[in-house]
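Structure first, commentary second.
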Amino acid sequence: MTFEMVKTSPITGQKPGTSGLRKKTRVFMAPHYLENFIQAIFNSIGGAKGKSFVVGGDGRFFNRQAIQTILKIAAANGAARIIVGWNGLLSTPAASHLIRINGTDGGIILSASHNPGGIDEDFGVKFNVPNGGPAPESVTSAMLAETLTLSSYRIARLPDTDLDVLGETELGGMQVSVVDPVEDYLALMRTLFDFDAIRTMFAGGFSMCFDAMHAVTGPYAKKILEDVLGAPKGTVINSVPLEDFGGGHPDPNPIWASTLIDLMMSDNAPDFGAASDGDGDRNMIVGRGQYVTPSDSLAVLVANAQLAPGYAAGIAGVARSMPTSAASDKVAEKLGIECFETPTGWKFFGNLMDAGRVTICGEESAGTGSDHVREKDGLWAVLLWLNILAVRKQPVARLLADHWAEYGRNYYSRHDYEAVPTDAANDLMGNVIGQLATLRGKTFAGQTVSRADEFCYRDPIDGSVSDHQGLRIWFEGGGRAVLRLSGTGTEGATIRVYLEQYQPDMSAISQPAQQVLLPLQQAVADLVRMQHFLGRTKPDVVT
Ligand code: VG1
Ligand code: CO
């Protein structure tokens with residue numbers, strides 16, 4: 001029998017989080033687990049018959065095997081065509097672009113993004129809808145409902161497809177197109193940026209280090225930065241995607257990309273540094289001796305976007321996730337454009353972009369992107385920075401200082417408390433929620449609360465409501481703290497505490513951020529009774 005109907009039972013716990021379904025790799029490898037979820041995806045969109053999809057992943061352990069399974073399930077469900085990246089590789093933004101230009105019915109991206117990879121680490125499956133963006137909540141709820149009732153899946157009992165050869169093949173009547181993962185993406189980047197100006201800048205001796213963290217962006221960055229834009233060989237480091245990312249966390253922040261940070265703070269620092277994450281949708285930007293927070297990077301990109309050809313006509317509006325600092329709001333105000341605050345997760349930007357209300361979006365977690373695709377795009381952010389630097393001909397530190405002088409500075413930091421027992425995390429959050437209505441006017445470690453609420457978002461386009469999206473606490477004197485639980489972890493809970501302090505006074509904009517934010521950090525620890533619930537007040541990761 002070529003197509004088989006396999007009996008299965010519903011699997012609980014297949015609830016897609018902030019960014020798809022993310023679990024330990026061994027969980028995905030267990031009998032029927034991946035199969036169930038893929039069948040649930042197809043069922044939730046009315047079946048796969050006659051449809052086409054893009055499939056690819058970040059190259060982590062189990063990527064290739066999972067793709068073979070997905071191809072066989074798609075074939076057995078009557079899909080017409082699958083476009084898959086060569087070797088199974090596709091960055092998240094490149095997959096989004098392929099969905100859009102081929103007009104497919106969606107795409108399946110295999111990645112746990114910044115989480116480490118390997119048989120004992122993490123794996124993930126994301127489903128993107130026909131606009132190229134992450135499935136909205138209406139679709140993920142339908143997927144979850146399917147996983148809870150599913151009684152069988154269909155799979156083709158056929159040999160594996162060769163993913164190492166570009167071109168067309170056939171699997172049980174379904175067309176499989178293995179494509180170059182970089183080609184179409186590069187063509188898109190050429191339409192947005194002044195490649196000649198960037199090439200001239202590199203030819204003039206501009207130096208850069210791009211850390212691909214052994215993840216999917218390596219081949220993209222090497223091709224675009226070194227081959228096309230003429231940056232010297234060796235500009236891209238850790239450029240070969242590895243199944244375990246070389247043992248690291250492919251998370252582009254000062255902790256996990258510390259080698260790059262150390263280089264950028266040293267005497268040998270190049271002019272510009274950047275890194276990207278596992279699936280290539282995030283970015284870290286560093287100048288010589290100057291780290292740029294993702295919130296500031298978003299603000300700088302919005303303020304200068306018109307220097308790049310793709311945005312020369314100006315931008316329609318900007319959206320940022322709620323925990324992201326308000327630095328970009330200041331720019332939007334000055335430009336007289338709309339500015340939106342959405343819950344964490346890229347899926348909330350899709351409707352605004354589709355409606356033409358926003359052009360550029362960003363998150364404090366180093367995700368930035370525009371309406372060229374419907375995902376955040378790490379390399380896009382790097383190229384826009386390069387285009388801006390090529391035009392302004394200023395060091396990053398100077399550009400940032402000028403920006404702060406013009407708009408004021410939003411001191412910002414995120415503190416993560418990782419591997420917290422789930423009960424303790426829920427108790428801590430529940431305790432704060434219980435007090436929200438009475439916090440106003442109370443003082444904690446010398447800081448007085450001026451307002452507090454739980455963020456609830458009403459999508460301005462389709463009216464859908466997403467509640468429980470994080471706690472916001474404002475303090476007298478312009479400080480804000482946000483608390484939320486991570487939706488992408490696979491072990492216990494992670495509590496994220498976001499601290500922000502606005503400083504409009506030009507003479508006070510170059511202080512160490514953690515020092516400026518310390519009073520807020522102490523106030524939060526006191527307010528949420530951190531020692532009581534967690535037995536500690538020191539975060540694991542500070543970015
Ligand atoms: C994290 C980030 C969030 C991002 C999400 C997915 O989510 O905080 O901003 O959208 O990861 O990014 P959480 O729920 O753990 O805070 V990625 O690069 O995994 O697609
Ligand atoms: Co990512």
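The values are calculated or read from the model by the stated rules, or taken from the named source; none is laboratory data. Source: prediction; values computed, not measured. Cβ coordinates were reconstructed from backbone atoms using ideal geometry, including for glycine residues, and neighbour counts include every protein chain displayed. With ligands, DNA and RNA removed, areas are computed over all heavy atoms of the protein, side chains included. Shrake-Rupley method; radii C 1.70, N 1.55, O 1.52, S 1.80 Å.
General remarks:
- Among strands (runs of 3 or more DSSP E) entirely within region 233-293, having at least 1 residues that are within 16 Å of ligand 1 (Cβ to nearest atom) and in contact (Cβ under 8 Å) with a residue 24 or more places away in the chain singles out 272-276, 283-287.
- Condition met for Thr543 (out of contact with any Cys (no Cβ under 7 Å at 6 or more places or on another chain), within 27 Å of Ser113 (Cβ to Cβ), crowded, with 20+ Cβ neighbours inside 10 Å and of a type in the set (S, T, N, Q)): yes
Every residue, every condition in (1) of a type outside the set (S, T, N, Q); (2) modelled with pLDDT of 95 or more; (3) more than 27 Å from Gly17 (Cβ to Cβ); (4) touching a Phe, Trp or Tyr at 6+ places or on another chain (Cβ under 8 Å), yes or no:
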| site | (1), (2), (3), (4) |
| --- | --- |
| Cys456 | yes, yes, no, no |
| Asp459 | yes, yes, no, yes |
| Gln469 | no, yes, no, yes |
| Tyr498 | yes, yes, no, yes |
| Ser507 | no, no, yes, no |
| Thr543 | no, no, no, no |
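- Some residue of region 457-464 being touching a Ser or Thr at 6+ places or on another chain (Cβ under 6 Å), not in a helix (DSSP H, G or I) and not small (Gly, Ala, Ser): yes
- The conditions of being over 26 Å from His372 (Cα atoms) and open to solvent by less than 10 Å² (accessible area, probe 1.4 Å) are not met by Asn43.
- Restricting the search to strands (runs of 3 or more DSSP E) fully inside region 89-200 and requiring at least 1 residues that are open to solvent by 20 Å² or more (accessible area, probe 1.4 Å) and away from ligand 2 (no atom under 16 Å from the Cβ) gives 152-156, 167-171, 174-179.
- Test: residue in region 289-301 that is open to solvent by 10 Å² or more (accessible area, probe 1.4 Å), over 30 Å from Gly56 (Cα atoms) and of a type in the set (Gly, Ala, Ser): yes
- Number of the exception - Gly487 against (1) under 20 Å from Thr293 (Cβ atoms); (2) touching a Ser or Thr at 6+ places or on another chain (Cβ under 9 Å); (3) open to solvent by less than 60 Å² (accessible area, probe 1.4 Å): (1)
- Within region 474-492, restricting attention to residues that are of a type outside the set (Gly, Ala, Ser) and in contact with a helix residue (DSSP H, G or I) (Cβ under 7 Å, 6 or more places away or on another chain), the residue that is farthest from ligand 2 (Cβ to nearest atom) is Phe475.
- Checking Ser507 against (1) in contact (Cβ under 8 Å) with a residue 60 or more places away in the chain; (2) open to solvent by 60 Å² or more (accessible area, probe 1.4 Å); (3) of a type outside the set (Val, Ile, Thr), the condition it does not meet: (1)
- The set of residues in region 148-194 being farther than 29 Å from Ser44 by Cβ and aromatic (Phe, Trp, Tyr) consists of Phe193 alone.
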